[in-house]
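The values are calculated or read from the model by the stated rules, or taken from the named source; none is laboratory data. From a predicted model like this one, the values you see are computed outputs, not experimental measurements. Note that each Cβ is placed from the backbone with ideal geometry, even for glycine, and that neighbours are counted across all protein chains shown. Keep in mind that these areas ignore ligands, DNA and RNA; they rest on the heavy atoms of the full protein, side chains included. Shrake-Rupley method; radii C 1.70, N 1.55, O 1.52, S 1.80 Å.
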Amino acid sequence: MQQLSDRINNLPVSETLAMAAKARELKAEGKDIISLSLGEPDFNTPDFIKDAAKQAIDDNYNSYSPVDGYLDLREAICRKFKRDNNLTYSPNQIVVSTGAKQSIANIALVLLNPGDEVLLPAPYWVSYSAIATLAEATYKEIPSSIDTDFKITPEQLEAAITPKTKLIFFNSPNNPSGTVYTESEYRAFAKVLEKYPNIYILSDEIYEHINYGQPNFSFASIESMYDRTITVNGVAKAFAMTGWRIGYMGGPAWIAKACTKIQGQITSGANCIAQRATIAALDAPVSKIQFMVDEFHKRRDLVLELLSEIKGININTPKGAFYVFPDVSSYFGKTIDGVTINNAGDFSMFLLEKANVATVTGGAFGAPDCIRLSYAASTEELKEAFKRIKNVLN
Ligand code: GLU
């Protein structure tokens, strides 16, 4: 008899990873699938980072690191926060984890009690809601739509707050919409939050460098927010290091200490070789990764052009990250090629079955009218994928 806990039974699977797994499975069966499901740079990790990892192996970095990460890595993270984000942290305010996802889980688990409420400006990354559920909190979506460039307003934020609200997630550049909040928009949110001192803010800035407009603005750099904002980042997206699994948080020392405590019971700390490589990544000038950002920028423009040729797709211009998040609701209720599309999940499955293109339903991100397509794929793949989509829809 299988007797799983309520905790796992109540946890949804990660739709991004599930779709990527499905695409892999179909490819293994010989199907010609183009996967635009996973948000993962298609570049190799730059050589100077790989060299640092090789050196770490030769230097016998094979023992447990401190649970919160090597001190010299935490110092490098402090320098990075100062250089890129105008944030002053000391190493005791930093915790290195097995991916930004673990940083987020740590923070949720150390801050939330059962019944606490988490606010999620929608669309939001799939795992935020799942992690809130895992922490036995409830979550409330603050909706937005393509008409507002997927941004929420300060009025909406204030209306969503209740005495139970404990944590709010900001994510800019946003996964899945590519939306980037400006400094003045963030300052307007801070004005609201100043009235509610018991609410904490998790600012997920994992896409900060994949930004095609104004430089990233860090929420914690607003003076009144510094003491209750936890900034999460990592090397996966900017340095093409998804599989190396290194993320980190910077925030109040008491929260960092609690995250270290929980990590000490769960993982003992992040992989030591990857930590050494991360020092090289973060100490390098940002110009070293600009070629990837430039390439993503070109692909975004290409994808917008290709999408504009497809009927019934409503799209905004993403300012960062590497996703497009079109509204496909004009297709709901229609039958194409014998398949009736009633929602974004049906639409995404239709594209997989009829066009052999894997995408992710917007329902997983709290935006049921949309689907997400990652353009972290080669130009050839993108051209072919959108040709196929156009053929099955037009
Ligand atoms: N963050 C990426 C995505 O949204 C990687 C997969 C995941 O961890 O969800 O596709």
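Of everything in segment 259-279, what is touching a helix residue (DSSP H, G or I) at 6+ places or on another chain (Cβ under 6 Å) and open to solvent by 30 Å² or more (accessible area, probe 1.4 Å)? Give them in sequence order.
Passing the criteria: ILE262, ILE273, ARG276.
Please go through segment 221-247 and give me each residue that is touching a residue at least 40 places away in the same chain (Cβ under 8 Å), assigned to a strand (DSSP E or B) and more than 16 Å from the ligand (Cβ to nearest atom), ordered by number.
Hits for segment 221-247 are ILE230, THR231.
Would you confirm, using the coordinates I've provided, whether THR231 is of a type in the set (S, T, N, Q) and farther than 20 Å from LEU157 by Cβ?
So THR231 fails the test.
Condition check: more than 15 Å from ASN113 (Cβ to Cβ), out of contact with any strand residue (DSSP E or B) (no Cβ under 8 Å at 6 or more places or on another chain), open to solvent by 60 Å² or more (accessible area, probe 1.4 Å) and not in a strand (DSSP E or B). Does ALA159 satisfy that?
Considered against the rule, which asks whether it is more than 15 Å from ASN113 (Cβ to Cβ), out of contact with any strand residue (DSSP E or B) (no Cβ under 8 Å at 6 or more places or on another chain), open to solvent by 60 Å² or more (accessible area, probe 1.4 Å) and not in a strand (DSSP E or B), ALA159 comes out as yes.
Mind listing whichever residues of segment 57-88 are aliphatic (A, V, I, L, M), closer than 14 Å to ASP283 by Cβ and out of contact with any strand residue (DSSP E or B) (no Cβ under 9 Å at 6 or more places or on another chain)?
ALA76
Would you check which residues across segment 314-335 are surrounded by fewer than 20 Cβ atoms within 10 Å (Cβ to Cβ) and among the aliphatic types (A, V, I, L, M) and list them?
The answer is ILE315, and nothing else.
Checking PHE239 against (1) open to solvent by 10 Å² or more (accessible area, probe 1.4 Å); (2) under 17 Å from ILE94 (Cβ atoms), which test does it fail?
It is condition (2) that PHE239 fails.
Which count do you get for residues in segment 100-114 that are open to solvent by 10 Å² or more (accessible area, probe 1.4 Å) and within 15 Å of the ligand (Cβ to nearest atom)?
Total satisfying the criteria: 4.
SER90 - would you say it is within 16 Å of the ligand (Cβ to nearest atom) and of a type in the set (Gly, Ala, Ser)?
Here the answer is no, as SER90 does not meet what is asked.
Yes or no, residue by residue, for (1) in contact with a helix residue (DSSP H, G or I) (Cβ under 9 Å, 6 or more places away or on another chain); (2) of a type in the set (A, V, I, L, M); (3) closer than 18 Å to ALA76 by Cα:
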{"position": "VAL192", "(1), (2), (3)": "yes, yes, no"}
{"position": "LYS195", "(1), (2), (3)": "yes, no, no"}
{"position": "SER203", "(1), (2), (3)": "yes, no, no"}
{"position": "ILE210", "(1), (2), (3)": "yes, yes, no"}
{"position": "ASN216", "(1), (2), (3)": "yes, no, no"}
{"position": "SER221", "(1), (2), (3)": "yes, no, no"}
{"position": "VAL232", "(1), (2), (3)": "yes, yes, yes"}
{"position": "ALA253", "(1), (2), (3)": "yes, yes, yes"}
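Keeping to segment 19-54, report how many residues are aliphatic (A, V, I, L, M), assigned to a helix (DSSP H, G or I) and either open to solvent by less than 80 Å² (accessible area, probe 1.4 Å) or within 21 Å of PRO176 (Cα to Cα) (or both).
8
Is there a residue being in a loop (DSSP other than H, G, I, E, B), open to solvent by 10 Å² or more (accessible area, probe 1.4 Å), of a type in the set (D, E, K, R) and more than 16 Å from the ligand (Cβ to nearest atom) anywhere in segment 73-81?
No, there is no match, as no residue in segment 73-81 is in a loop (DSSP other than H, G, I, E, B), open to solvent by 10 Å² or more (accessible area, probe 1.4 Å), of a type in the set (D, E, K, R) and more than 16 Å from the ligand (Cβ to nearest atom).
Tell me, which residue of segment 6-23 that is over 19 Å from the mean Cα position of the chain (by Cα) and away from the ligand (no atom under 13 Å from the Cβ) is nearest to THR359 (Cα to Cα)?
LYS22
Please go through segment 187-211 and pick out each residue that is assigned to a loop (DSSP other than H, G, I, E, B), surrounded by 21 or more Cβ atoms within 10 Å (Cβ to Cβ) and aliphatic (A, V, I, L, M).
ILE206, ILE210
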